[in-house]
Ligand code: DLZ
């Protein structure tokens with residue numbers, strides 16, 4: 001686990017054995033997003049979520065997570081998880097992508113038929129992103145899986 005953040009305490013989680021999860025993964029900064037995906041999958045499997053109940057789709061960049069998650073919500077799925085990594089460059093693109101993606105996912109949580117967990121790393125550097133995707137600050141993909149399991153019974 002990443003830190004002393006007890007909101008993501010993996011103990012006392014509901015039974016999600018028969019729940020279904022859709023994971024939409026952005027391929028931009030794929031080294032980071034594949035680490036996040038692995039952390040997420042490892043935890044879901046550790047909690048006995050069946051392989052056949054985990055559906056994975058890839059999209060080109062974080063901005064496309066919105067559409068990917070919208071499509072995923074229409075399937076027979078209990079919780080969707082959006083995985084992306086935005087790393088600050090020298091333009092304002094960073095803010096645009098972070099804000100629009102976050103807002104889009106928020107809208108899906110308001111109008112869609114199942115919750116969407118936001119696992120969007122927004123970092124200043126590649127090193128920071130590595131630290132949070134399986135490095136010294138743990139793996140935010142694992143935290144997303146914990147949040148998803150909690151939301152699967154709501
Ligand atoms: C264009 C762009 C840039 C500059 N940076 C990132 C990034 O750090 N992380 C990310 O996930 N996507 C980035 N993108 C791509 C956009 O998300 C999107 O794929 C394109 O603008 C095409 O719609």
Scan the range 8-36 for residues that are assigned to a helix (DSSP H, G or I) and either in contact with a strand residue (DSSP E or B) (Cβ under 7 Å, 6 or more places away or on another chain) or more than 16 Å from the ligand (Cβ to nearest atom) (or both) and jot them down.
8, 32, 33, 35, 36
Yes or no: residue 125 buried (at least 18 other Cβ atoms within 10 Å of the Cβ), out of contact with any helix residue (DSSP H, G or I) (no Cβ under 9 Å at 6 or more places or on another chain) and more than 17 Å from residue 58 (Cβ to Cβ)?
no
Verdict on residue 104 being surrounded by 19 or more Cβ atoms within 10 Å (Cβ to Cβ) and more than 8 Å from the ligand (Cβ to nearest atom)
yes
Based on this model, can you work out whether residue 68 counts as modelled with pLDDT of 95 or more, farther than 15 Å from residue 150 by Cβ and away from the ligand (no atom under 16 Å from the Cβ)?
no
Selection from the range 42-65 of residues that are within 16 Å of the ligand (Cβ to nearest atom) and over 16 Å from residue 29 (Cβ atoms)
57
A careful count of residues in the range 83-97 that are more than 9 Å from the ligand (Cβ to nearest atom), surrounded by 12 or more Cβ atoms within 10 Å (Cβ to Cβ) and over 13 Å from the mean Cα position of the chain (by Cα) gives 1
Within the range 120-132, does at least one residue satisfy the condition of being farther than 29 Å from residue 14 by Cα, away from the ligand (no atom under 11 Å from the Cβ) and within 16 Å of the chain's Cα centre (by Cα)?
yes
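The values are calculated or read from the model by the stated rules, or taken from the named source; none is laboratory data. Keep in mind that this is a model prediction, so the values were computed, not measured. Ideal geometry is used to build each Cβ from the backbone, glycine not excepted, and the neighbour counts take in all protein chains shown.
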